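So the structure is just underneath, and the comments pick up after that.
The values are calculated or read from the model by the stated rules, or taken from the named source; none is laboratory data. Nothing here was measured: the structure is a model prediction, and the numbers come from that model. Here the Cβ positions follow ideal geometry from the backbone for every residue, glycine too, while neighbour counts run over all protein chains shown. Side chains included, ligands, DNA and RNA excluded: accessible areas come from the protein's heavy atoms. Shrake-Rupley method; radii C 1.70, N 1.55, O 1.52, S 1.80 Å.
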Amino acid sequence: DAGVIQSPRHEVTEMGQEVTLRCKPISGHNSLFWYRQTMMRGLELLIYFNNNVPIDDSGMPEDRFSAKMPNASFSTLKIQPSEPRDSAVYFCASSFQGAGNQPQHFGDGTRLSIL
Amino acid sequence: KQEVTQIPAALSVPEGENLVLNCSFTDSAIYNLQWFRQDPGKGLTSLLLIQSSQREQTSGRLNASLDKSSGRSTLYIAASQPGDSATYLCAVVCGVDTGRRALTFGSGTRLQVQP
């Protein structure tokens with residue numbers, strides 16, 4: 001079974017450029033999460049979708065960050081304009097949220113470096 | 001605001017030892033608790049999920065316990081092997097009544113098993 005697929009795996013770009021990260025959740029999952037991992041702050045939630053609707057975006061740092069989920073099989077996280085402090089590993093995770101508890105499954109992440 | 005703490009931050013043991021990793025959380029109103037493993041440069045692999053109504057879960061050489069009232073969980077690894085070397089992360093889902101299902105992570109325990 002295919003897991004959560006993220007692209008690109010690595011992105012290096014210059015400050016001020018637009019960055020788009022992509023995620024394909026596991027088929028059948030109805031919840032999708034974007035997390036960011038840094039040495040200083042560890043893993044933190046950015047935004048969470050349920051049935052393609054944003055439920056919690058309290059972790060989105062500022063207006064430079066935006067996320068969309070146009071359908072159940074695709075999500076994007078966009079940073080515009082990017083800044084060096086955005087450098088981190090960005091993870092996408094998905095799960096099925098129904099009557100019971102289900103674990104979140106993570107992609108391999110996108111390692112983002114803003115120069 | 002939920003805070004998750006993991007002790008110790010790092011642990012080095014000889015192969016074959018049994019070991020315990022600790023996780024504590026400040027708000028006992030959790031939906032579930034999940035243990036993950038992260039290898040260097042990789043994503044997170046889900047190890048065990050304990051529902052709020054459960055006391056423990058087992059998978060092979062791994063056993064995770066949950067004491068909601070005291071805000072604690074432990075991950076027990078039996079007969080450790082060099083392949084167990086990784087960072088182990090504890091995470092909780094809060095918001096029993098709000099439907100929010102995002103994870104709040106601890107900072108992890110970096111485990112090294114010496115051959």
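Tabulated data
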| item | result |
| --- | --- |
| Antiparallel DSSP beta bridges within the protein assembly as shown, as percent of all bridges there, nearest 5 | 90 percent |
| Proximal lysines relative to A:LYS24, as straight alpha-carbon distance under 22 Å, when same-chain residues fewer than 8 apart are discounted | A:LYS68, A:LYS78, B:LYS42 |
| Residue-normalised accessible area of chain B, given per residue in Å² at a 1.4 Å probe | 47 Å² |
| Cβ charges +1 (Lys, Arg) and -1 (Asp, Glu), total dipole of chain A, debye | 180 debye |
| Per residue convex hull volume, Cα atoms of chain B, in Å³ | 94 Å³ |
| Simple Cβ-charge dipole of the stretch B:31-115, Lys/Arg +1 and Asp/Glu -1, about Cα centre, in debye nearest 20 | 80 debye |
| For chain B, cysteines whose Cβ has no other cysteine Cβ within reach (under 4.7 Å) | B:CYS94 |
| q = 0.08, 0.17 Å⁻¹: log10 I(q)/I(0) that the Debye formula gives for the protein assembly as shown, counting C-alpha atoms only | -0.29, -1.25 |
| Mean Cα-pair separation over length for chain A, i.e. relative contact order, pairs under 8 Å, 6 or more apart, % | 37 percent |
| Estimated translational D of chain A in µm²/s (Stokes, Kirkwood radius over Cα pairs; 37 °C; 0.692 mPa s) | 232 µm²/s |
| Buried on assembly, the stretch A:3-36 (at least 30 Å² less accessible surface than by itself, 1.4 Å probe) | A:TYR35 |
| Relative contact order (percent, whole number), the stretch B:19-91, Cα cutoff 8 Å, 6+ residue spacing | 39 percent |
| Pairwise label distance in nanometres, B:ASN22 with A:ARG41, each label 7 Å out on the Cα-Cβ vector | 2.8 nm |
| Separation in nanometres of the label points that stand 7 Å from Cα toward Cβ, at B:TYR76 and A:ASN51 | 4.1 nm |
| Accessible solvent surface per residue of chain A, calculated while the other protein chains remain in place, 1.4 angstrom probe, Å² | 50 Å² |
| Alpha-carbon centroid distance for the pair the stretch A:41-109 / the stretch B:36-51, whole angstrom | 17 Å |
